[in-house]
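See below for the structure under consideration.
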Amino acid sequence: MEILRAIETNSNNDGRIIAALLQSLKVLKGGLRSALETYIFSELDKGTNVQRLIGFLFYCEDTKKTTSTGGGDNISVILDLTEWEEYGYPIACEDTTIYINDILIRADNTETPETKLQDYDAFGSPFNSKRLKKTPMPNVKLPEFTVTLRTMYHEQHCQKRYREIDAGSFPIAEENRKFTKQALEWIASSEHEDITWKRADRNEIVFIYPTQFTSIPIPFASLLAPSSGAEGQFARARFDKCVKDFIDVFNGLTPQNQPEHIRVFYIRKMDNARSKVILNRNCCVQSLINAAEIWQNGCLNVPDITYLTKAIPFPLEMARILNTSWSRDGNKIALRKTDVKRIKPYEGIELLLELENHPIKDSGYDYLHTLLFNSKALLKYAGNCLHHDESLTPYHAISISNIVAMFGLLLYKYGYKKEVYMQNTAYLIGQMLKATDELHALYCKVERNGSISSQLVGNSMFTIALETPLKALSLLSQRISPYICWAKRYRILEESKNGVNNKLVGWYLRIFEDIANSLTPIVDETIQFNEFDQAQLFLGYLAAFPMKKEDVQDEDTNNTLCKEE
């Protein structure tokens, strides 16, 4: 086709015979190869020139004539026109060869700008395709591993782009290869840790940097994970402080020095030979600030839990919190080598960058399902401990605070604000189970001389309530009945037993009755809980009851409690 274009742009009529030949080839059914095969087989059927035609179909190596390159005799095919006399001379002659060479030389000398674009790389720099076509891209040593800037291996067909492979699929000039290597080495240097990059996991690194660097470094990476070292342990729950410091630094720059956009990409070392960018995002700085504020609001989207301090985990901590599995005795279940971590660290960054008006779709169900499945035993353990007047260890308290924060965040991302979901059926059932445990524990203190059952009634109904809430309410009404009757009698006694304030018993009874009254109009026979409902039930079971300023003294624990709002 290049020869045909060269002939068409040449005013000389000597090339008409070549143009006629090329045009005639277009009408061959199936192309030249198919037409040649059809002709050969038809001649073989006739028994004509059998030995010569067999040579077209099969190559038989002649060891006596084989060259050093491994090839034997070659078969030449010459195409010509039967009516060549109309054009002055045939194609198979010296004049045609001279003419073709002449027009190709002229075509090279009059190359169009479109053709010359092939000599420039993707960034507009001069590109020596012959020298760089199979030259591998340089390697860069990162803090955790070494990566190749871009894999180019022609044996992997997935590398093909636009019918090109190796450097041809995305040409990059030598100088741009060096600049890219130097840029990655600079942002990955040790002095830029917590500013432009973070260690995300073993053999995983995340980079986050602005399109315009300033003399005062902006700690973009500080929003993704705690600082490394001892100070990181102290700041583990201080995501809000990192956000404030980040905003202060950014706002302290003059408007012309404030970068407008940032880039985020996440690299994972797949094996000894391969690494892969598994996350790549571009956004403006204001979007990142909005995303960080939404993350904070989401983690705080939980009711008050008196024995816990509200936490705001960092995005890169989300995977660890969701993947950690707990046993019924409150111990962490160690992962085996063959176990797969369902949630990946980079998904916390994806969740951070999803704004409030951009829902997390089906991934939200997967996150909640994983968190519910892995943390259910720990939350039941915590509830049972607290109703037995056993304090939680600091380790358990921090772990539960992080779990609760993840519940609040995922609910918030899906539009469940605490002001609304605290009136929902699932949350109220969780509160009812909590009130049931409190009444059961007080009963045991009074009537069993402080010998509290190993599992309280509300705690025993927890799993059933998650799966079949209506059945749980039915069973609960049967099992709580004797304790309700006892509470109604005990609250009017003039004297307390075993240090249990009868006013306190009356307060919990009133809480239970009010929750039951709130549930009555909203519970029906078709009630079923999805993952978001189950998360609300968990929060209701852990949360404090609504209160106001009128105090009631607990003579046994000497704690001040308040009546409901």
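Laboratory data are not the source of any read-out in this text; all were calculated from the coordinates shown. What you see is a predicted model, and the numbers here were worked out from it, not measured in a lab. Neighbour counts are summed over all protein chains in view; Cβ atoms, including those assigned to glycine, are modelled from backbone coordinates with ideal geometry.
For segment 434-441, what does the Karplus curve 6.51 cos²θ - 1.76 cosθ + 1.60, with θ = phi - 60°, yield as ³J(HN,Hα) per residue in whole Hz, taken in order and with x for Gly and Pro?
In residue order, the calculated couplings are 5, 4, 4, 4, 5, 5, 5, 5 Hz.
Using the Kirkwood radius over Cα pairs, work out the Stokes-Einstein diffusion coefficient for segment 422-562 at 37 °C and 0.692 mPa s, in µm²/s as a whole number.
Numbers: Rh = 15.6 Å.
Reported coefficient: 211 µm²/s.
If R0 is 41 Å, what FRET efficiency do you get for Ser215 and Thr309 from their C-beta distance, rounded to 0.05? Intermediate results must be reported in sequence, preceding the final value.
Numbers: r = 38 Å, r/R0 = 0.93.
Between Ser215 and Thr309 the formula returns 0.60.
Can you compute the modelled spin-label distance between Ile40 and Thr146, with each label point 7 Å from Cα toward Cβ, in nm?
Distance between label points: 4.9 nm.
Taking the simple approach of a point 7 Å from Cα along Cα-to-Cβ for both Lys332 and Glu447, what is their distance in nm?
In this crude spin-label approximation the distance works out to 4.2 nm.
Please arrange Leu300, Leu537, Leu372 by counting, for each residue, the other beta carbons lying within 10 Å of its beta carbon, fewest first.
Listing Leu300, Leu537, Leu372 from fewest to most nearby Cβ atoms yields Leu300, Leu372, Leu537.
Over 32 Å between Cα atoms: which of Lys417/Lys497; Lys244/Lys434; Lys241/Lys413; Lys344/Lys471; Lys341/Lys417 fall into that group?
Lys417/Lys497; Lys244/Lys434; Lys344/Lys471
Can you tell me the order of 429-437, 40-48 when each peptide is scored by its average per-residue count of other Cβ atoms within 10 angstrom, highest first?
Sorting 429-437, 40-48 by mean packing, highest first, produces 429-437, 40-48.
Note the direction-averaged projected area, equal to a quarter of the hull surface, for the Cα convex hull of segment 386-438, in nm².
4.3 nm²
Return the tail of the calculated pair distribution for segment 263-305, meaning the percent of Cα-Cα pairs more than 13 Å apart.
Tail of the P(r) past 13 Å holds 69 percent of the pairs.
I need the P(r) histogram for segment 192-413: all alpha carbon pairs, bin width 5 Å from 0 out to the longest distance, whole percents.
Pair shares across the bins are 1, 6, 14, 18, 19, 17, 11, 7, 4, 2, 1, 0, 0.
How far apart, in nm, are the 7 Å Cα→Cβ label points at Ser518 and Lys130?
Placing both labels 7 Å beyond Cα along the Cβ direction yields 8.1 nm.
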